[in-house]
Amino acid sequence: MTHAWTQNLLYLALLLGLAFPLGNFMAKVLEGERTFLHPVLGPLERGLYQLMGVREDEDMGWKAYGWSITLIKLLGLAAVFLLMKTQAALPLNPEHQANVATDLSFNTAVSFITNTNWQAYGGESTLSYLTQMLGLTVQNFISAATGIAVLVALVRGITRRSATGLGNAWVDLVRSILYILLPLSFVYALFLVSQGLIQNFSAYVHTAGGQVLAMGPAASQVAIKMLGSNGGGFFNANGAHPFENSSPLSNFIQMLSILAIPAALCISFGRLVKDRRQGWALLAAMTLIFVGALAVCTQAEVKGNPALTRLGADQTASVVEGLEQPGGNMEGKELRFGPGGSALWATATTAASNGSVNSMHDSFTPLGGLVPLWLMQLGEVVFGGVGSGLYGMLMFALVGVFIGGLMVGRTPEYLGKKVEAFEMKMASIAILLPCAAVLIGTAISVLVANATASVSNPGPHGFSQILYAWSSASNNNGSAFAGLNANTHFYNYGLAMAMLLGRFGVFWPVLALAGSLVKKKYTPESLGTLPTHTPLFVGVLIGVVLLVGALTFFPSLALGPIAEHLALH
């Protein structure tokens, strides 16, 4: 299966090549510089500020900034919830979808405002076109933009010297949507339509054989679903549905778009802090972890299922009627994509907080399934979500410089700002709160009869299903081991609480940390300062990320995918 490894190399080359021009463009937007889009979008931007009553030059302290982000999320929560509860009486509902149950409406609304996009429902069998567009697609833009906004606020906290404000949240949101997310999504949606993705308001097609072909405005939602690291599918099968992912080319471009903005933001960070080497160091750390995870997942899926091998089943690639049939572990996978394309998507979607799927992760081999589970448990910082992945990785970077400072016996510094007790407390809260939600939620689930009744496969794999659900929700990913029935009162409300903690419990400490850093004076670099752009620091950063993940989750992983792997062999 050499083509799987060739695809991986091509993917990495294009991803890193795209990161530089896109990252430089986004940095210009976030700095407020003029771009080629300003002649067209500039008047609209100024008009929006007037309509909102926002002054572009007005600075906010970290609390005001945080409450602004919280307000727009709460308004979004109310809007999506009300749309789902009243969709039966609203237009653009050709299939006459009924109003959605209260617990599922709450879970879904929370899911989309937090950029999790966890789906305990089938899109084509549950939601109207209006709910999908006005509710979910709008939140895909806003939730991604809030991640970028919080990141920009943190960068200002690091770069500003003895200031008090972190910028204007409303301005950062408008610029992120207007100049970055909307133009990219518009062009991307046109490409997807050219590849065969549907974009219409037609009624569902009922064939003579009794089959039903769902219709709808899918391409426009898929574009921002992928670019904004959202992941919620228009259809229940998500990226495995031919109307949502039509060809090997659309599959590859969609995989590339998952990590495009998160990777490019590392380059933006280097430009924003006036030291491009800082961005390269963060990008290097993310890429090295990603490459290792991708290699393990690809090898596990390409090699195939040893249980089938022992039974004499041929899992090697073959050619039938001139068409290559992929070998390896094909359970739960599309023939169009094979185990290589499925492993790459699974690794990318869980390295980012995307959560879209083009195969069933529940059907991966134990080691193949361990990789996406482990990537989420690292905190979604290996590229991570749009904005949120980088500010999460910066929390680990601060921990790294703190450890380095202790080793040389001086106050640690990051980019000229001293890292002291308060900053360490906020970084620790941001890193550990999602971890606590995962472990506590999993522990409760295995003790509650209603929760364990949702498991389709008792034993280590069933435990992995539960652990995966809580890891996905708490880290705002949204993918799932499909064998778990999560549409119950317990999981709808419980996972919703985990999603809220995973988003609000992280960005509030990040903003508090930024508010503390912005007031500090700049400290010039000296001989005792730990350089944060060197291969040594990249190694320290990777070590911190892996060590936190290993110490926190190894016991639970040993009970799930590791135990299953040992039993399988």
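Listing for the model above:
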item: Alpha-carbon centroid distance for the pair region 364-392 / region 8-87, whole angstrom; result: 24 Å
item: Relative contact order (%) - the chain, alpha-carbon pairs under 8 angstrom, separation at least six; result: 20 percent
item: Net length gained if the chain between residue 569 and residue 485 were fully extended (0.36 nm per residue, minus Cα distance); result: 27.4 nm
item: Around residue 477: net Lys/Arg minus Asp/Glu count, Cβ-Cβ under 14 Å; result: +1
item: Cα centroid of region 129-202 to Cα centroid of region 493-533, whole Å; result: 21 Å
item: Filtered trypsin sites (Lys or Arg not before Pro), region 517-555: DSSP coil and at most 12 other beta carbons within 10 Å; result: 521
item: Placed amide H near residue 417: partners under 5 Å, 5+ positions off or other chain; result: 523
item: Computed magnitude of the charge dipole of region 20-271 (debye, nearest 20; Cβ of K, R +1, Cβ of D, E -1); result: 520 debye
item: Summed side-chain charge close to residue 419 - residues other than residue 419 whose Cβ falls under 12 Å, Lys, Arg +1, Asp, Glu -1; result: +2
item: Reachable lysines from residue 333, criterion Cα separation under 17 angstrom, eight or more residues apart if same chain; result: 303
item: Nearby lysines by direct alpha-carbon distance to residue 519 (threshold 29 angstrom, same-chain neighbours under 8 apart not counted); result: 28, 63, 73, 274, 417, 418, 425
item: Residue 449 versus residue 311: modelled label distance in nm, points set 7 Å from Cα along the beta carbon direction; result: 3.4 nm
item: Packing-based ranking, highest mean first, of 502-508, 4-10, 437-443 given that Cβ atoms within 10 Å are counted; result: 502-508, 437-443, 4-10
item: Backbone N within region 108-142 under 15 Å of label point (7 Å from residue 88 Cα along the Cβ vector); result: 126-128
item: Residue 13 paired with residue 186, simple spin-label distance in nm, labels 7 Å along Cα-to-beta-carbon; result: 3.3 nm
item: Semi-axis lengths (Å, descending) of the ellipsoid that matches the C-alpha gyration tensor of the chain; result: 35, 29, 23
item: CD proxy at 222 nm, helix term only [per DSSP H run n ≥ 4: -39500 (n - 2.57); per residue of the chain; nearest 500]; result: -20500 deg cm²/dmol
item: Of the DSSP H helices in the chain, those whose Cα atoms cover at least 24 Å axially and whose Kyte score averages 0.5 or more; result: 2-30, 62-86, 138-159, 248-272, 276-303, 388-408, 421-447, 489-518, 535-559
item: Extension gain, residue 204 back to residue 547 (0.36 nm per residue minus Cα-Cα distance, nm); result: 118.4 nm
item: DSSP loop GluC sites (Glu not before Pro) with at most 10 other Cβ within 10 Å: longest gap in the chain; result: 34-320
item: Projected label distance in nm at residue 31 and residue 163, using a 7 Å step from Cα toward the beta-carbon; result: 1.3 nm
item: Backbone N under 13 Å from the residue 519 label point (7 Å along Cα→Cβ), restricted to region 56-80; result: 61-63
item: Gain on full stretching of the segment that runs from residue 40 to residue 559 - 0.36 nm per residue minus C-alpha separation; result: 181.2 nm
item: Cβ-derived FRET efficiency at R0 30 Å, residue 504 paired with residue 247, nearest 0.05; result: 0.15
item: Whole-angstrom Cα spans of region 20-271 along principal axes, big to small; result: 70, 39, 30
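FYI, it's all coordinate maths here, none of it is from the lab. Computed from a prediction, not measured in an experiment: that's the story for all the values here. Glycine also receives a Cβ, built like all others from the backbone with ideal geometry; neighbour counts cover every protein chain displayed.
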